[in-house]
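Read through the structure below, which is laid out as structure tokens, and then see the notes.
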Amino acid sequence: MNNFDKEVIGLQQGKESSLCYFMDQYSHALHFYAFKIIKDRDIAREIVSEAFFKLWEKKENFHAEESIKSFLYLVTRNECLDHLKLKRNQLQHDEEWLVDLESGEESILSKIIYTELIELIVKEIEKLPKQQGKIIQLSVLEGKETAEICEELGTTASNVYFSRSKAISTLKKVFKHKNISYYHLSLILFLLER
């Protein structure tokens, strides 16, 4: 019996340590997933907390890690959708997210894969030298332009370009070393270079 199976059984038995285990496993990716939809960190945090609360309420119904993961993503998606529908008249939100969210399971799977790839990128970014990591975070994860990064970090455009180039080169080597499939590597590199 592997660790996941033990934790699933522990969750069914009402062990809070097992809930904490699944929170450690999935909360970071779920926060990123919710934030990409909602664009509000506090609300994303509340939505993810609600997803784990609902998992705890239905703990006896889960018998495999994959069903827990699917449940958490589905609850998070639905909570985001509910939030956006409630705020639709108050906020000017990009309608394509609503269309994507309502488009079905294939779209959800794509978003889960995207979120997990971003999580992988985040873990590797944290291992980079401080300046390179910060520049990649600002440009890739936050979508900031070079001028905004220069202003925020108090540096020059050439330093930003050099650090970003060095970081991307390092990340490419790391991903190749991890034997990530060509498809996933291409997607990761696309995300890094956009």
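The values are calculated or read from the model by the stated rules, or taken from the named source; none is laboratory data. Nothing here was measured: the structure is a model prediction, and the numbers come from that model. Accessible surface areas use protein heavy atoms only, side chains included; no ligands, DNA or RNA. Shrake-Rupley method; radii C 1.70, N 1.55, O 1.52, S 1.80 Å.
Take the cross-link list LYS36/LYS85; LYS69/LYS144; LYS39/LYS85; LYS134/LYS166 and give me the ones stretching past 19 Å between alpha-carbons.
LYS69/LYS144
Cα-based Rg (one decimal) and Dmax (whole number) for the stretch 4-54, in Å?
12.2, 36
How much accessible surface does LEU117 have with a 1.4 Å probe, in Å² rounded to 10?
The accessible area comes out at roughly 10 Å².
Enumerate the calculated ³J(HN,Hα) couplings along the stretch 158-173 in order (Karplus 6.51 cos²θ - 1.76 cosθ + 1.60, θ = phi - 60°), each rounded to whole Hz, writing x wherever the residue is Gly or Pro.
Coupling constants for the stretch 158-173: 5, 5, 5, 4, 5, 5, 5, 4, 4, 5, 4, 4, 4, 5, 4, 5 Hz.
So for HIS31, HIS63, HIS83, what's the accessible-area order with a 1.4 Å probe, most first?
Descending accessible area places them as HIS63, HIS31, HIS83.
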